[in-house]
Structures are given as C-alpha cells and as structure tokens.
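Q: This is the structure I want to talk about, given as structure tokens.
The values are calculated or read from the model by the stated rules, or taken from the named source; none is laboratory data. Just so we're clear, the structure is a prediction, and the values are computed from it rather than from any experiment. Cβ atoms come from the backbone with ideal geometry, glycine included; neighbour counts cover every protein chain shown.
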Ligand SMILES: Cc1cc2nc3c(=O)[nH]c(=O)nc-3n(C[C@H](O)[C@H](O)[C@H](O)COP(=O)(O)O)c2cc1C
C-alpha cells in the first residue's frame, strides 16, 4: 500500500482532479466509492453550484464520505471565498481541500484552523517549499501536458522531469509531505511511471473527464474520442473568449479546434476587440458545438478511447497498474 492510500483510506493511489464545471458531485462520489480521493471541482467558487454538487456528492457517497474533498482556484478565493467558508461550515466537512493557481496564504491558515488537510497543486519546483511552508500535507506537481490551466507556455515544466526533481526536494526537506503527479496520467502505465519517478500517486483529470459521470456535453465527449494527443494546445485564447481574467503566469490547454486555430495567430486582434468573437463563442457554448467552444482536455486525450462509468474505469486502471508494477518489479 502506498503512503497516499494509507493516509487517506484509499484502495488506489489516485485523486480525481478538481475540474471546474465538469467535476460535479456524482463524479466525485463515484471516485470515492471506487476507493480514490473524490475532489469536487469547486473551481471559481460558485456558491450555488457547490451547494448543489456537495449535496449530490455526500448523498451518493454515503459510506465513502471520508474520501470526498473539494478543490478551489486560489486567486479567485482571494476575490470571493464564500464557497470555501460555506463548505467548512457544513456538517459533512471535506476530507481535504486542494488549492491551485496562486498563493494559498490565508486560505491555508483558515483550513489549518478548521483542521482540514491541505493539498496544493504547483507547476514549478520553486513553488514546492512555499506550499509546504503554507501547510500543505500533499503537493501535486502539474506538468504542462495537463488539461486545463497550468503554467504559461515559456515556463511550463514537463511531468517526467518535474516529478523526480520534486520528489528529491521533498525527501530532503519535508519527507512527511506526500507528492502526487498531474499531467498525462490516463492509465495504469502512467500511474506506475509516476510512482517510479518518486510520486506517491497521481491526480487524474482528462481520463476521468471522459467518463459517464462527468458533466460534459456529449458532443464534447465525441470530439475528445476522435482526438489524438497532438490535437490539444495551450494558450490564453479561451480565457479571453470566456471573459476569465487569469493572471498572466497561467494559460490553458484544450482541444485545438477551429475557433482556437482561428484566433491563436490573431491574439492581439482578439484582445483589442473581443466582442464579436465572444458572441460567436457564447453561441458555440449554447449550441454545445465543439468547434466553437472550449473542450478542456490535456495531451492524455490521445489515450481516451471510450467513455466508461467511473467505477469500471478506476478498476481498469488498478488492474493495469498492478500489471505494470509486476512487469517493472516496482
Ligand atoms: C476539464 C478540466 C478542468 C479543470 N479544472 C481545474 C480546476 O478548476 N482547478 C484546478 O486546480 N485544476 C483544474 N484542472 C487541472 C487538473 O487539476 C489537473 O492538473 C489536470 O487535469 C491533470 O492532467 P490530466 O488532465 O492530463 O490528467 C482541470 C483539468 C481539466 C481536464
């Protein structure tokens, strides 16, 4: 059993990535019931959404509530932390809270006061020890293969080199702090690979986004099934289109669809006059047209060939993981 499994009562060293919008209560509960850590995608901190999804999660997870947690975007909490405050006030407290993208600072102190363990997701080695100093019990290092937001292109790190570098740092400076790898893990081979690199487990987004329980329009799932790992790209295009004011240190990986291909070489025009493009994007979202909206997946989309239910998917990953470990004698 890995340290991550024993620390959180898991039967597989996997955490569901907290995916804004897509990662609702049903998906988090399905992960928790299957023995993984189920993190609801609290994302931008929409209180009404979280109320509904947390109640779905706690009803559906019944005997697995101790494996339910939630993730938030730190820079958004700096502006409005009402969803976190609400969550910490619930009779069913989260087993853990994950913070990404920004300084965990005062939110970490609040979690510590509430006795809720903190996971911090970072993108660069230099962010590891500050996150530990802020009180993180688990660090997720996110490679730029990942779906969704991450370190902006010139400074993004790859999972393969970042994980062992972070593992060495933690083992020298904070050996009790666990390490998870995020970015590109979609099957048992990937899980065994990051374990071999020194991680205690993996945080998985894209592969679990492609499951029956994820809150994803069917046309977006169909577009992902048809894509290879070559068909994604990182940029700020979709953040401009959807009016998200992300700090410049971050950009966003999604399917490189018609809309993205059109605007990527015209970024300055888009910034200068986004109105018509935003109207086109809004109508694409309303029509669930994968050519005119963001389909948030990482490079691991190339390993997605079906849309199973979460329990079967995690059982398959567990079998593949055992087989890969036996093959590699891990
Ligand atoms: C659809 C989607 C939405 C995401 N939303 C968030 C989010 O709200 N907060 C966050 O910390 N990370 C978010 N991420 C990034 C994940 O936390 C994680 O780093 C990533 O999914 C790991 O890489 P993978 O997609 O290759 O598994 C999102 C990822 C995806 C695919």
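Q: How about segment 20-44: which of its residues are at negative phi, within 15 Å of the ligand (Cβ to nearest atom) and in a loop (DSSP other than H, G, I, E, B)?
A: Within segment 20-44, 20, 22, 23, 24, 36, 42, 44 qualify.
Q: Can I ask one more? What tally of residues in segment 314-330 results from selecting those that are farther than 21 Å from residue 61 by Cα and either out of contact with any helix residue (DSSP H, G or I) (no Cβ under 9 Å at 6 or more places or on another chain) or assigned to a helix (DSSP H, G or I) (or both)?
A: Adding up the residues that qualify gives 11.
Q: Return yes when residue 248 is assigned to a loop (DSSP other than H, G, I, E, B) and loosely packed, with under 14 Cβ neighbours inside 10 Å and no when it is not.
A: Against the criterion (assigned to a loop (DSSP other than H, G, I, E, B) and loosely packed, with under 14 Cβ neighbours inside 10 Å), residue 248 qualifies.
Q: Scan the helices (runs of 4 or more DSSP H) fully inside segment 173-238 and keep the ones with 2 or more residues being over 21 Å from residue 16 (Cα atoms).
A: Working: elements: 188-196, 206-209, 218-225.
Output list reads 218-225.
Q: Is it fair to say residue 305 is at negative phi, exposed (fewer than 14 other Cβ atoms within 10 Å of the Cβ) and within 16 Å of the ligand (Cβ to nearest atom)? Write out each step before concluding.
A: Numbers: at negative phi: yes; exposed (fewer than 14 other Cβ atoms within 10 Å of the Cβ): yes; within 16 Å of the ligand (Cβ to nearest atom): yes.
For residue 305, the condition - at negative phi, exposed (fewer than 14 other Cβ atoms within 10 Å of the Cβ) and within 16 Å of the ligand (Cβ to nearest atom) - is met.
Q: Picking from 186, 233, which residue would you name as being under 19 Å from residue 10 (Cα atoms) and either more than 13 Å from the ligand (Cβ to nearest atom) or modelled with pLDDT of 95 or more (or both)?
A: Exactly one of 186, 233 is under 19 Å from residue 10 (Cα atoms) and either more than 13 Å from the ligand (Cβ to nearest atom) or modelled with pLDDT of 95 or more (or both), namely 186.
Q: Looking at segment 257-277, can you tell me whether even one residue there is within 23 Å of the chain's Cα centre (by Cα) and crowded, with 16+ Cβ neighbours inside 10 Å?
A: Here is the first cut: in segment 257-277, the ones within 23 Å of the chain's Cα centre (by Cα) are 257, 260.
If we keep only those that are crowded, with 16+ Cβ neighbours inside 10 Å too, we end up with 257, 260.
Taking every residue of segment 257-277 in turn, at least one turns out to be within 23 Å of the chain's Cα centre (by Cα) and crowded, with 16+ Cβ neighbours inside 10 Å.
Q: Then there's this: Looking at 311, 288, can you tell me which residue is on the phi > 0 side of the Ramachandran plot and either touching a helix residue (DSSP H, G or I) at 6+ places or on another chain (Cβ under 6 Å) or touching a residue at least 24 places away in the same chain (Cβ under 8 Å) (or both)? Walk me through how you get there before you give the answer.
A: Working: 311 fails: on the phi > 0 side of the Ramachandran plot.
The conditions single out 288.
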